[in-house]
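Quick notes on the structure that follows.
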Amino acid sequence: MLKIISGKIRRISRLAGSFLMRNVLLLLLMDFKKYGQLSLLFFLQFLLWGSWYVTLGTYAINTLHFNGQQVGIIYTCGALAATLSPLLSGMMADRLIPAEKLLAIMHLSGAVILGLLTQISSFLPFFLTLLLYSILYMPTHALTASLVLQQLSDTARYFPRIRVWGTIGWILAGLTISALAWERTVWPLYTAASISLGLGLYCLTLPHTPPQAAINQPKQRFLESLLDPAFTALFKDKYFLVFGICLILERIPSAFYYSFVNPFMEEIGISHTAAKMAYGQVSEILIMLVLPALLYRWGIRYVLFLGLLFWGLRYGFLILGLEFGQNGWIYLGLVVHGICFNFSNLSAQIYMDKRVPGHLRSTGQGFMTFATLGIGVTIGSPLAGWLVQSNTLPNGQHDWTQIWVYPFIFGVVVAIVFVSFFRVGPYGIKRQSQTSVPGQ
């Protein structure tokens with residue numbers, strides 16, 4: 001099986017190499033200034049998130065001495081914030097405030113709150129402060145995606161090539177934290193506060209992105225946009241409901257990965273865990289470069305199916321690593337993150353962009369954040385924390401095999417349900433003119 005998987009990885013790597021060369025050529029055709037601005041935006045967005053998010057569980061367990069259940073609760077902060085704030089901020093960006101100014105306000109405010117978080121060591125104040133920060137930060141994912149998508153003419157072709165810089169930022173954050181051995185220290189939070197300050201100031205230099213709904217439908221009030229017929233009509237489509245529900249359910253197994261894979265590797269004796277977690281982001285870059293071709297060739301349905309499927313299979317690889325005592329299986333569970341994330345989340349963002357009218361782009365991306373980082377993680381993070389706490393051994397170690405079985409089975413079942421009931425309809429990915437470039 002490893003030979004088959006390694007062969008597939010080599011094939012994808014060759015494709016990624018050719019697409020990398022095409023990206024260089026595309027730079028000559030694209031508006032370089034705009035491309036650079038949007039790419040740097042994604043780079044800083046994920047440099048910020050990656051600087052603290054992955055290692056927070058390790059810091060909380062080893063330095064603050066929180067238990068597994070408390071760590072699970074902490075990781076619900078983003079989910080709780082994502083259940084409401086992205087939709088509201090998306091509607092504000094669609095109707096009231098230019099997206100770049102709203103992003104600046106959120107990141108500058110977030111820098112102050114992260115600075116406060118570095119001074120807190122008890123559970124309840126830490127949770128409440130992180131929740132406040134998450135309310136400001138989580139909507140920025142949807143707003144960033146919406147701002148970039150609004151600047152592009154062929155989203156399926158160009159969005160992955162700009163979004164890839166976010167992954168590079170995440171990798172750089174992980175490698176830096178690992179090289180400095182900061183996993184168990186407060187320094188990742190100091191770093192995040194500094195990046196948030198810089199990102200907030202940078203957002204003020206971004207291309208002006210005015211509220212599209214205010215331009216197209218100036219007589220419609222802000223509160224009326226909560227029930228905009230063009231948006232609520234989506235939920236009358238049974239296939240869209242399958243899409244939304246499965247995305248929410250997919251975030252339950254993904255919560256296990258983000259909350260506990262780093263502490264898991266620390267516990268079983270793997271060194272430089274933050275750097276090794278970046279294996280997944282390296283594969284994410286390779287997959288992101290070939291994603292446009294795969295969307296055109298395979299279609300959105302099967303790309304989404306594979307993304308959902310590998311969210312479950314990755315835990316099977318972790319189990320095999322434990323059972324056979326071979327870290328190679330564990331590293332494979334990290335490497336497939338490129339398939340998990342790009343095939344499910346990034347493809348879903350592109351699909352959503354094609355489903356909503358242009359004047360509701362921010363609202364649509366807000367719904368994506370609500371579905372992927374909101375409800376599912378709200379359920380998944382406490383569940384993951386409870387399972388870790390329930391499988392704590394007398395010596396303080398954990399029965400990780402028993403823990404990973406649940407997201408493995410659940411993820412595979414969600415993927416099977418999705419491919420059985422979802423159909424694309426008229427909203428597939430179609431190749432546009434090869435001469436079109438962003439901004440035209």
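The values are calculated or read from the model by the stated rules, or taken from the named source; none is laboratory data. Computed from a prediction, not measured in an experiment: that's the story for all the values here. FYI the Cβ positions are ideal-geometry reconstructions off the backbone, even for glycines, and counts take in every protein chain you see.
A residue that is farther than 19 Å from Phe310 by Cα and assigned to a loop (DSSP other than H, G, I, E, B) cannot be found anywhere in the stretch 363-374. Restricting Arg297, Arg301 to those that are in a helix (DSSP H, G or I) and free of Cβ contacts under 8 Å to residues at least 40 places away in the same chain reduces the list to Arg297. Here Ile162 fulfils each of the conditions (1) part of a helix (DSSP H, G or I); (2) at pLDDT below 90; (3) in contact with a helix residue (DSSP H, G or I) (Cβ under 8 Å, 6 or more places away or on another chain); (4) surrounded by fewer than 24 Cβ atoms within 10 Å (Cβ to Cβ) apart from (4). For the stretch 370-409, a residue qualifies if it is over 19 Å from Thr76 (Cα atoms), in contact with an Asp or Glu (Cβ under 9 Å, 6 or more places away or on another chain) and touching a residue at least 40 places away in the same chain (Cβ under 8 Å), and the qualifying residues are Thr392, Gln397, His398, Trp400, Thr401.
Taking (1) of a type outside the set (Val, Ile, Thr); (2) crowded, with 18+ Cβ neighbours inside 10 Å; (3) closer than 30 Å to Glu266 by Cα in turn, Leu295 satisfies each apart from (3). Residue pairs whose Cβ atoms lie under 6 Å apart, separated by 6 or more positions or on different chains, with the first residue in the stretch 167-184 and in contact (Cβ under 8 Å) with a residue 12 or more places away in the chain and the second of a type in the set (Asp, Glu) and buried (at least 17 other Cβ atoms within 10 Å of the Cβ), are Thr167/Glu284. Yes or no: the stretch 319-326 includes at least one residue that is over 19 Å from the mean Cα position of the chain (by Cα), under 27 Å from Ala79 (Cβ atoms) and of a type outside the set (Gly, Ala, Ser). Yes: one or more hits.
Count of the stretch 406-425 residues, restricted to those that are under 23 Å from the mean Cα position of the chain (by Cα) and either charged (D, E, K, R) or within 18 Å of Ala255 (Cα to Cα) (or both), is 10.
With a requirement of 2 or more residues that are modelled with pLDDT of 80 or more, the helices (runs of 4 or more DSSP H) lying completely within the stretch 1-77 that satisfy it span 32-50, 56-62, 68-74.
Of the residues making up the stretch 337-366, just one is closer than 17 Å to Ile97 by Cβ and surrounded by fewer than 24 Cβ atoms within 10 Å (Cβ to Cβ), namely His359. On inspection, Ala274 passes the criterion of being touching a residue at least 24 places away in the same chain (Cβ under 8 Å), touching a Gly at 6+ places or on another chain (Cβ under 6 Å) and in a helix (DSSP H, G or I).
In the stretch 96-114, the condition of being at pLDDT 90 or above, within 30 Å of Ser271 (Cβ to Cβ) and assigned to a helix (DSSP H, G or I) is met by at least one residue.
For Tyr239, are the conditions met, namely being within 20 Å of Ile177 (Cα to Cα) and either of a type in the set (Ser, Thr, Tyr) or outside any helix (DSSP H, G or I) (or both)? So Tyr239 does not fit the description; no. Might you let me know whether the stretch 343-362 holds any residue that is part of a helix (DSSP H, G or I), within 30 Å of Gly269 (Cα to Cα) and of a type in the set (Val, Ile, Thr)? Looking for residues that are part of a helix (DSSP H, G or I), within 30 Å of Gly269 (Cα to Cα) and of a type in the set (Val, Ile, Thr), one finds none in the stretch 343-362, hence no. Note on the stretch 252-268: among residues that are at pLDDT below 90 and more than 24 Å from Ala371 (Cβ to Cβ), the one that is nearest to the chain's Cα centre (by Cα) is Asn262. Looking only at the stretch 199-220, count how many residues are over 21 Å from the mean Cα position of the chain (by Cα) and either among the charged types (D, E, K, R) or modelled with pLDDT of 95 or more (or both). Of the residues in that region, 3 qualify. Of all residues in the stretch 183-192 being closer than 26 Å to Ile285 by Cα and at pLDDT 90 or above, which is surrounded by the fewest Cβ atoms within 10 Å (Cβ to Cβ)? Selected residue: Thr191. Taken as a whole, the structure leaves Ser121 outside the set of residues that are closer than 23 Å to Leu41 by Cα, among the polar types (S, T, N, Q) and modelled with pLDDT of 80 or more.
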